[in-house]
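The structure under discussion appears below in the form of structure tokens.
Read-outs: derived from the displayed coordinates by stated rules, not from any lab. Please read these numbers as outputs of a predicted model, since none were measured by experiment. For neighbour counting, all protein chains shown are included, and Cβ atoms are generated from backbone atoms with ideal geometry for every residue, glycine included.
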Amino acid sequence: MLCIYYDWWPSRYGNSSWADPLLFGAAALLILAVTGLVWAIRTLYVLGQDRRWSWWIAPAPAVVLLAVATMLLVPRPSFDDTRPEFEQVAHELLADPEPVHSDLEIGRFDITTALVGEDGIVYFIEDGGLGLTDSSGWAYSPNGIPSGFDDFTATHIGGPWYEFVSVWRT
């Protein structure tokens, strides 16, 4: 679960494109629930029948609590942490004659499409959801607010960077 949360997971664009973190997360939760139930039954049996304390009882909840504490106290890498990588890819795209690149992994972010739009604006569309009605991501726009496409809203997040949401209208 920690590997999925922190994206220490093979990219869906790499060799393990078949591996869906949602399915593996569900399987991990099921295994954790079954293991927790077995642990609880055995603990109740030892405490109820034998009326004694055993040290094998403590490690299981300690590991789970450590994992939960790690998730709560150590934040996932944000866009700001990977901004230099995004900037490098933006400059490479601006220099590349091919204006559209697909299936990129930048830091923990899976980018469906990175494209150079009008006026040298580079759009990074994040992979998430079905993308049928809206898309979101980041725009590298050194010349000001990006114009975007369809129903487009952009929020300035520093320097030439904007976070955007675009709702597709028909």
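Observations
- Simple spin-label estimate for V74 and T112 in nanometres, 7 Å along Cα-Cβ: 3.1
- If R0 is taken as 41 Å, the Cβ-Cβ distance between T153 and L30 corresponds to a FRET efficiency of 0.55.
- Protection proxy ranking of 46-54, 148-156 - average other beta-carbon atoms within 10 Å, highest first: 148-156, 46-54
- At R0 = 41 Å, FRET efficiency that the Cβ-Cβ distance of V46 and L23 yields, to 0.05: 0.75
- Equivalent ellipsoid semi-axes - Cα gyration tensor, region 52-170, angstrom: 39, 16, 13
- Each peptide in 85-97, 60-72 was scored by the mean count of other Cβ atoms within 10 Å over its residues; highest first, the order is 85-97, 60-72.
- Computed label-point distance, nm, for sites V38 and S136 using a 7 Å Cα→Cβ extension: 3.9
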